[in-house]
Structures are given as structure tokens and as C-alpha cells.
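Report on the structure given below.
The values are calculated or read from the model by the stated rules, or taken from the named source; none is laboratory data. Note that this is a predicted model, so its numbers are computed, not measured. Counting neighbours? That spans all protein chains shown, and the Cβs are built from the backbone with ideal geometry, glycine included. To get the accessible areas, we keep the full protein, side chains included, count just its heavy atoms, and leave off ligands, DNA and RNA. Shrake-Rupley method; radii C 1.70, N 1.55, O 1.52, S 1.80 Å.
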Amino acid sequence: VQLQASGGGLVQEGGSLTLSCTTSRGTSSNNGMGWFRQAPGKEREFVGGASWNGETTQILDSVKGRFTISRDRAKNTMRLQMTSLKPEDTAVYYCAVSISARSSTRQDAYRYWGRGTLVTVSS
């Protein structure tokens, strides 16, 4: 099982980035997926997630209206579109595959994790 997160980088406050998470064929087609992030010195937190078909999504309150989750099952890809980025969004972002058909805010609900991608927002 392989998950590859990409799209991180350095962006100025107010800018945008889109993160992508691609899974190996068949890994996630019937499972929910989620994005988590870990800022320096802080615990990892749930950012957002989508159900197996992308029809049900969850998003962290503090990023609502700025971040959008989407899935493309045909391409085994989940995306996190981030706009109006703030310095407090700086973190390593991780994608993960859920043990069920839905996403979850709980980290123990995820079976597979990818390596993170660093997002740095400068003020």
C-alpha cells in the first residue's frame, strides 16, 4: 500500500496551494480518506476527509470556507484545495486511508498513512 502526498511548498499569506494524495491502485477505492496536519510543537490534527465516493466530506471548522476536499476515484486521488492561507496553516500535511467507507476525525480510524508534505505560509 502506497500513499503519495504532494503539492506542498512555500506560499505567502493569502495565497493558495492544492495538495494531492495518490494511492496505489485498489488501495482506497472503497475507503474513506482524510487529511491531517501537524504544526511544529503541536499534535497532529484532522483537517478534512471524504467518504469512499467523495459525496460526504468533513472539514475542520477553522478552515471552513478556505479549504475544500475532493476525490477522483478513477485516478485514486484526493485533493485538498487551500485558499486564503494563514501562517497558522503552516504544518506537515498527511493523507491517510480510513478503515471504513467514511472519513473520521479520529487518527485511529485510519489504516494507512502517507509521508507528509510541508506547507509553509509566510507572513
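Before moving on, here are some points about what is shown:
- Accessible area of the stretch 1-112 divided out per residue, in Å², using a probe of 1.4 angstrom: 52 Å²
- Value of relative contact order over the stretch 38-123, rounded to a whole percent, pairs C-alpha under 8 Å and six or more apart: 28 percent
- Site pair Ile99 and Ala74 shows an inter-label distance of 3.3 nm when each label is modelled 7 Å from Cα along Cα→Cβ.
- Among the GluC sites (Glu not before Pro) found in the stretch 15-123, those both in a DSSP coil and sparsely packed, with 16 or fewer other Cβ atoms within 10 Å of their Cβ, are Glu43, Glu55.
- Candidates Ser24, Ser51, Ser104, ranked by Gaussian network fluctuation over the chain, Cα under 10 Å, top entry: Ser24
- What the phi angles of the stretch 87-102 give under the Karplus curve with 6.51, -1.76 and 1.60, with θ = phi - 60°, is a coupling list of x, 6, 7, 4, 4, 8, 9, 10, 10, 8, 9, 6, 7, 10, 7, 10 Hz, glycine and proline written as x.
- In the stretch 1-79, the trypsin sites (Lys or Arg not before Pro) that fall in loop regions by DSSP, at most 12 other Cβ within 10 Å: Arg25, Lys42, Lys64
- Between the stretch 1-72 and the stretch 83-123, the Cα center-to-center distance that results, in Å: 5 Å
- Here the relative contact order of the stretch 26-84, from alpha carbon pairs under 8 Å that lie six or more residues apart, stands at 26 percent.
- Environment charge at Leu60 (Cβ cut-off 14 Å; Lys +1, Arg +1, Asp -1, Glu -1): +2
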